[in-house]
Amino acid sequence: MDGQGKKGGGGAGSECDVVGRAFVEYYYQTFDGNRGALAALYGGTSVLSFEGHRVAGAAEIGLKLAQLPFEQCRHSICTIDCQPTPSFPGAILVFVSGNLQLAGEEHQLRFSQMFQLVPNEQGSFFVQNDIFRLNYG
């Protein structure tokens, strides 16, 4: 992660940070290199809000991400904040801020994205909720 983002305290927060940071690294590397593979990170009950447009279910989310109006991009992450979600045991909230460089564009776009990672039956996590917004101004 190149030392970017904020480090949390000890205990459950540390495990939360490790999982959250590993997820962020994997998610954005996959987004930048093979966006079609992202659908596997979502489940049947997952919801994505992308710039105010809401889609549900892994297949629909995968389709939405695949149909974004650009082919290549590169994310650079500025901060990552992670919190355990006591109301859903084992779940993790991950908030990301960063910059997005689209191929052929001179200026980077600032973005924020929030994920709720929920444990699955295989002992890993899936993305239950995903909210993405460009930051203007």
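Quick look at the values:
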{"read-out": "Any hit, the range 4-16, residues being at pLDDT below 95, open to solvent by 80 Å² or more (accessible area, probe 1.4 Å), closer than 30 Å to Gly137 by Cβ and not aliphatic (A, V, I, L, M)", "value": "yes"}
{"read-out": "Within the range 94-131, tally of residues that are touching a residue at least 24 places away in the same chain (Cβ under 8 Å), part of a strand (DSSP E or B) and closer than 20 Å to Ala58 by Cα", "value": "13"}
{"read-out": "Near pairs, Cβ below 9 angstrom, 6+ apart or cross-chain, from the range 35-56 (within 20 Å of Leu102 (Cβ to Cβ)) to any residue that is among the acidic types (Asp, Glu) and at pLDDT 95 or above", "value": "Leu48/Glu60; Leu48/Asp130; Phe50/Asp130"}
{"read-out": "Any hit, the range 81-100, residues being of a type in the set (Gly, Ala, Ser), surrounded by 11 or more Cβ atoms within 10 Å (Cβ to Cβ) and over 15 Å from the mean Cα position of the chain (by Cα)", "value": "yes"}
{"read-out": "Subset of the range 27-74 (residues that are among the polar types (S, T, N, Q) and part of a helix (DSSP H, G or I))", "value": "Gln29, Thr30, Asn34"}
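The values are calculated or read from the model by the stated rules, or taken from the named source; none is laboratory data. These figures come from a predicted structure and were not determined experimentally. Glycine gets a Cβ as well: all are built from the backbone with ideal geometry, and neighbour counts include every protein chain shown. The protein model used for the area step is the full one, side chains on, heavy atoms only, and it has no ligands, DNA or RNA in it. Shrake-Rupley method; radii C 1.70, N 1.55, O 1.52, S 1.80 Å.
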